[in-house]
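Here is the structure we will look at, set down as structure tokens.
The values are calculated or read from the model by the stated rules, or taken from the named source; none is laboratory data. It should be emphasised that the depicted structure is a prediction, and the values quoted were computed from it without experimental measurement. A quick note on method: Cβ atoms are made from the backbone with ideal geometry, for glycine too, and the neighbour counts reach across all protein chains shown.
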Amino acid sequence: MPASSKVRVLILDDHALFRESLARLLETEHDLEVRHCASVSEGVATVAEWPADLVLLDFDLGNEKGSSFVEKAQEVGFKGRTLLLTAGVNELEAADLIRNGISGIVLKHSSAAELSESIRESASRQSLAATGVPEKGHGKSHRNREPSPIVKEPH
């Protein structure tokens, strides 16, 4: 992604107050373009028509699990990365989520600065992976060509 491009971020969370507040916060960042929705079906429809670079995905979407978004989004051609934004998951859940296409996990009690950093880091990894440029300092993952997942805990 060229340095002048904005990172297109989709927030997928069923809690309106959190989702709308996070969208407003991220919209203050000069290099982010933000949209948001509340359900897996809305998220899939959005990425089918708007080329999001990154999805911030809630784990628990009421009657749905956020992880179901990943496969459905890939079916409509979504090529971006997905960061799970959650209050917490255990180690087994985290490993399973990453095996099934989640790019990384950011805890909801992280700071706004940490979240912004995670968004930019993940979006940067996407553009490097898309061009085949190796990433300095990152080990091989189970796919050998993908960078290791981002798992951020607050400092």
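Listed values, structure above:
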read-out: Test set (1) more than 19 Å from ALA113 (Cβ to Cβ); (2) modelled with pLDDT of 95 or more; (3) not aromatic (Phe, Trp, Tyr) - VAL9 fails condition number; value: (1)
read-out: Single unsatisfied condition, VAL40 versus (1) farther than 12 Å from ARG8 by Cα; (2) out of contact with any Leu (no Cβ under 9 Å at 6 or more places or on another chain); (3) of a type in the set (A, V, I, L, M); value: (2)
read-out: Matching residues, the range 20-72, being free of Cβ contacts under 8 Å to residues at least 24 places away in the same chain, over 14 Å from the mean Cα position of the chain (by Cα) and either closer than 16 Å to THR86 by Cβ or crowded, with 16+ Cβ neighbours inside 10 Å (or both); value: LYS65
read-out: The range 86-122, residues that are of a type in the set (A, V, I, L, M, F, W, C), surrounded by 19 or more Cβ atoms within 10 Å (Cβ to Cβ) and closer than 15 Å to ILE11 by Cα; value: ILE102, ILE105, VAL106, LEU115, ILE119
